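For reference, the structure is listed below as C-alpha cells.
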Amino acid sequence: KLLKITMVTILSKSHADRNVYPSAGVLFVHVLEREYFKGEFPPYPKAGDSSNDPITFNTNLKGYPDRPGWLRYIQRTSHSDGVLYGSPTAEHVGKPTIIEITAYNKRTFETARHNLVINIMSTEEFPLPYQAEFFIKNINVEEMLASEVLGDFLGAVKNVWQPERLNAINITSALDRGGRVPLPINDLKEGVYVMVGADVQFSSCLREVETPQNQLRCSQEMDPVISCDKKFRAQFHIDWCKISLVDITKVVPVHSNRPDLGTGVLPDIGEYNPPSESLKSRDYFADFLITLAVPSAVALVLFIILGYSLCCRREGVEKRNMQTPDIQLVHHNSIQKSTKELRSMSKNREISWPLSTLPVFHPVSGEVVPPIHPDNYETTSMPLMQTQTNLQSQIQIPQQQSSGK
C-alpha cells in the first residue's frame with residue numbers, strides 16, 4: 001500500500017530579489033546555493049576548479065544587524081550551501097520581511113548582495129491542535145532540513161500516528177537548546193528537535209512513554225520500551241524520554257496586562273527653573289575635623305599607649321638583681337672584675353714575635369743567634385719555650401761520685 005504524504009513545507013532556492021510566500025505555523029526552508037552566486041564572481045583561473053571557491057553568506061533583516069527572531073541560518077563550511085529556516089507566527093502575517101543576503105568570496109574578497117522578500121500568509125488549517133516534538137540523536141539540523149530526509153521522517157510519523165493532515169512545524173538544533181558539541185569520534189551528531197502537528201489525537205504508541213514504567217526507566221537514564229520504535233530505528237534514533245506531546249486545545253491562554261505605552265510625549269510641567277547663581281558658602285571645618293583631626297587624635301593616643309608599654313613597663317636592672325640569688329651575683333661580679341683586669345694587663349704587654357719566626361742562624365756570619373739576650377731579660381718578653389743551650393746552662397744534673405772517693 002502506497003502511503004501518500006502531503007508536505008506543506010516550503011522549499012525554495014536562492015534568487016535575486018525573490019518573493020516567497022510561507023504560511024504562518026509552517027516550517028519555512030530557503031537554500032542559499034553556492035552555484036548560483038558563483039556567477040556573480042570572476043571565473044577561477046584554473047579550468048575545472050571553479051567549485052573550489054570558498055563562499056560564505058551573511059543574512060540580516062534590511063536596516064538591522066540581525067535576522068528576525070523566528071528565522072535561523074546555518075552553514076557548516078565555506079564549501080557547503082547555506083540554509084535559512086524557521087517557523088513564522090501569526091504576528092508576522094501581512095508584514096513583508098526583507099532579508100539581505102550577502103555572499104563573500106574568500107578567494108577574490110568580492111561580495112554579492114541580493115534581497116529575499118518573505119510575505120507571510122495566514123491559513124485556517126494552522127496551527128494544528130495536536131503537536132509532538134521528537135529529539136533525533138543521530139542527525140544534525142542541516143541534514144534534517146533536506147527535503148528527502150524530512151519527508152522520510154514525516155512518513156514514519158504518519159505511519160505511527162495515522163492523521164489526515166501532518167506538517168512539520170519547526171526544527172531546532174540541540175545546540176540551541178543548551179546541548180553540548182559532540183566529540184569528533186564515532187561519527188557523533190549534535191541532534192535535532194523536530195516538532196510536527198496533526199489534526200487527530202495522539203496514538204497509543206506515542207502515549208506509551210507516559211506510562212509509570214517508562215517514566216521510571218527514564219528517571220534511571222534507561223531507554224523506555226516503545227512498541228513503535230522499530231519503525232524509526234532503521235534511519236532515526238529517537239530519544240523517547242525527551243518527547244513532548246502538547247494539546248493546544250487544552251492549554252489555558254495566559255493574558256498579560258500590558259501597560260499603556262501612551263503617546264510618547266512628555267506632559268507639560270512648565271518651564272525649567274535653574275538654581276540661582278548666588279549659592280551659600282559652605283563651612284568645611286567640621287569636615288576637616290572628621291576627616292583629619294579625629295583620626296590623628298586616635299593615632300596619637302594609640303602611640304602613647306604603645307610607648308608606655310614598651311619603655312615604661314620594663315623590669316630594669318634593680319628588679320633583676322632583687323630576684324637573683326646573692327651567691328650568683330658574687331660569682332658574676334668576680335668574673336667580671338677578673339675579665340677587666342686581664343684586658344687591662346693585655347694592653348700593657350709588649351708583643352714579641354713568636355720563636356718559630358726568628359732566624360736560627362745569622363744571615364752573614366752563620367752564627368747562632370740566641371733568642372734571649374742576658375742584658376734585656378724581661379718577663380713580659382720571655383718566649384714561651386727556651387732553647388736547649390740555655391736550658392743546659394741553667395739546669396745542672398748532679399753526677400754520682402765513684403765509690404773510691
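The values are calculated or read from the model by the stated rules, or taken from the named source; none is laboratory data. Values in this document were obtained by computation on a predicted structure and should not be read as measured data. No Cβ is skipped: glycine too gets one built from the backbone with ideal geometry, and neighbour counts run over all protein chains shown. Accessible surface is based on the protein model in full, side chains and every heavy atom, while ligands, DNA and RNA are left aside. Shrake-Rupley method; radii C 1.70, N 1.55, O 1.52, S 1.80 Å.
Structure values in brief
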read-out: Residue list for region 197-249, restricted to those being charged (D, E, K, R) and free of Cβ contacts under 8 Å to residues at least 40 places away in the same chain; value: ARG207, GLU208, GLU210, ARG217, GLU221, ASP223, ASP229, LYS230, ARG233
read-out: 2 or more residues open to solvent by less than 90 Å² (accessible area, probe 1.4 Å) and modelled with pLDDT of 80 or more: qualifying helices (runs of 4 or more DSSP H) within region 257-333; value: 285-288, 294-307
read-out: Sole residue being free of Cβ contacts under 8 Å to residues at least 60 places away in the same chain and either open to solvent by 60 Å² or more (accessible area, probe 1.4 Å) or in a loop (DSSP other than H, G, I, E, B) (or both), chosen from GLY25, GLY69; value: GLY69
read-out: Among (1) over 42 Å from the mean Cα position of the chain (by Cα); (2) farther than 20 Å from THR89 by Cβ - the single one LEU128 does not satisfy; value: (2)
read-out: Filtered residue count, region 94-147, keeping only those that are of a type in the set (Gly, Ala, Ser) and farther than 30 Å from VAL200 by Cα; value: 2
read-out: Any hit, region 199-209, residues being of a type in the set (A, V, I, L, M), within 23 Å of LEU166 (Cβ to Cβ) and loosely packed, with under 13 Cβ neighbours inside 10 Å; value: no
read-out: Residue within region 362-373 that is at pLDDT 75 or above, of a type outside the set (Gly, Ala, Ser), open to solvent by 90 Å² or more (accessible area, probe 1.4 Å) and part of a loop (DSSP other than H, G, I, E, B) present; value: no
read-out: Strands (runs of 3 or more DSSP E) contained in region 88-180 and holding at least 2 residues open to solvent by 50 Å² or more (accessible area, probe 1.4 Å) and under 24 Å from GLU33 (Cα atoms); value: 97-105, 110-118
